[in-house]
Amino acid sequence: MAITDDRNLIGELEPVARELLERHLKVQKEWFPHDYIPYSMGRDFDKEPWTPDQSRLTGVAQMAFEVNLLTEDNLPSYHREIYDMFARRGDSAWIEWVHRWTAEEGRHAIVLRDYLIVTRAVDPVALERHRMELLSVGYDRGDKNALRGMAYVAFQELATRISHRNTGRYSQDPVADRIMARISADENLHMVFYRDMLSAAMRLAPSEAVEAIADEVLRFEMPGAGMPEFSTKSVMIAKAGIYDLRVHHDDVVWPLLRHWGFFDIENLDAEAEQKRTQVAEFLTGVDAMAKHYEEKRARREARKQVAGQR
Ligand SMILES: [Fe+2]
Ligand SMILES: [Fe+2]
């Protein structure tokens, strides 16, 4: 079956959306941001203004938390995009999913902001200015059709899950770690919804689905990519090992490709076959580049150790 029209595809997948939404509602556990925040640490900012020495997070951890919060803050744009791709073309299950997903995502920014402000981990004025700047620009998916949109969100939810989880661990703050573990559990369930939706799409239109996945592997960008200074920040996040090419290759791209049986599907059309070959070559390159950076990091660590011994 050739699915060339998004409305047709989304309509065909409506029963799957219903099934996956119901499964999601069964496994998703209710949680409350306020249970995760040490409010006893809070002080009024008019009596005691923020100064950098008050932060319990430093350097890369502080910056990574801000990047993660701003990424979550951009939810109005993501809602618009997701609604446009799925809900506007679909029926009740799609609409319910998009609203439920948005409500869950909203919690992530709430808990992160409360934690960062109550513990004085970041400059509240800079944070608010950055949020205003980012949301004034918004987020635009470009010309992705529904299949590419699904592939993108599957990779993006998994990438966000891993990035949040690793940021929490890296912070070495048990309060932050617990928050990030909780958010990551949500992101995982979001990923599972889109992953399984794409599996269903692959059964309907294997060549088109393979092409959509291939396009997203070849062009993947984190949702925060539009943020000011994102490239400098993402290099720092990569150097710290929170989210680098190795993590992207091993923990995000491959687990999904394996799950979908991306390289095993037979009887694809010529274009899909060609895209699949391109993905294989691309991933070999990513793996080699990841190895190169790992060796660089090992040399950096060794130099630091030698310098420390002197
Ligand atoms: Fe989120
Ligand atoms: Fe999510």
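The values are calculated or read from the model by the stated rules, or taken from the named source; none is laboratory data. All values reported here derive from a predicted model rather than from experimental measurement. When we count neighbours, we look across all protein chains shown, and the Cβ atoms used for this are built from the backbone with ideal geometry, even at glycine. We work out accessible area using only protein heavy atoms, side chains counted, and drop any ligands, DNA or RNA first. Shrake-Rupley method; radii C 1.70, N 1.55, O 1.52, S 1.80 Å.
Taking only protein heavy atoms and a 1.4 Å probe, the accessible area of the stretch 1-71 is 54% carbon and sulfur. The shape of the stretch 127-222 comes out oblate: with a ≥ b ≥ c from the C-alpha gyration tensor, a/c is at least 1.5 while a/b does not beat b/c. Label point 7 Å out from Ser199 along Cα-to-Cβ: which residues of the stretch 254-277 have amide N under 11 Å? Only 259-261 fall inside the zone, counting backbone N under 11 Å.
For Lys239, the lysines whose Cα falls under 28 Å of its own Cα, not counting residues fewer than eight places away in the same chain, are Lys291, Lys296, Lys304. With the simple model of a label 7 Å out from the Cα in the direction of the Cβ, Arg297 to Asp143 spans 3.7 nm. As a calculated quantity, the FRET efficiency between Ala225 and Gln309 at R0 = 41 Å, using C-beta atoms, amounts to about 0.55.
Look at the Cα gyration tensor of the chain: its axes a ≥ b ≥ c give a/c of at least 1.5 with a/b at or below b/c, and that counts as oblate. Between Ala61, Gly226, Phe282, the Cα set farthest toward the positive side of the dipole of the chain (charges on each charged residue's Cβ, about the Cα centre) is that of Ala61. Solvent-accessible surface of the stretch 1-153, averaged per residue with a 1.4 angstrom probe and all protein chains in place: 49 square angstrom. Each residue of the stretch 250-262 is assigned a 3J(HN,Hα), and the resulting list reads 7, 9, 10, 5, 5, x, 6, 4, 4, 4, 7, x, 3 Hz, derived from the Karplus form 6.51 cos²θ - 1.76 cosθ + 1.60 (θ = phi - 60°), x at Gly and Pro.
Each semi-axis of the equivalent ellipsoid for the stretch 169-214 is √(5λ) with λ an eigenvalue of the Cα gyration tensor; in descending order they amount to 35, 11, 4 Å. Counting protein heavy atoms only, the stretch 130-194 has 47 percent of its accessible area on carbon and sulfur, 1.4 angstrom probe. Annotation note: GluC sites (Glu not before Pro) in the stretch 223-307 located in DSSP loop regions with a Cβ neighbour count of at most 16 within 10 Å are Glu229, Glu266. Extension gain for Thr102 to Thr277 (0.36 nm times residue separation, less C-alpha to C-alpha distance): 59.4 nm.
Largest accessible area first, the listed residues Arg178, Arg113, Arg23 line up as Arg178, Arg23, Arg113 when surface is computed with a 1.4 Å probe on the assembled protein chains.
Placing +1 on the Cβ of every Lys and Arg and -1 on the Cβ of every Asp and Glu, with nothing else charged, gives the chain a dipole about its Cα centre of roughly 1300 debye.
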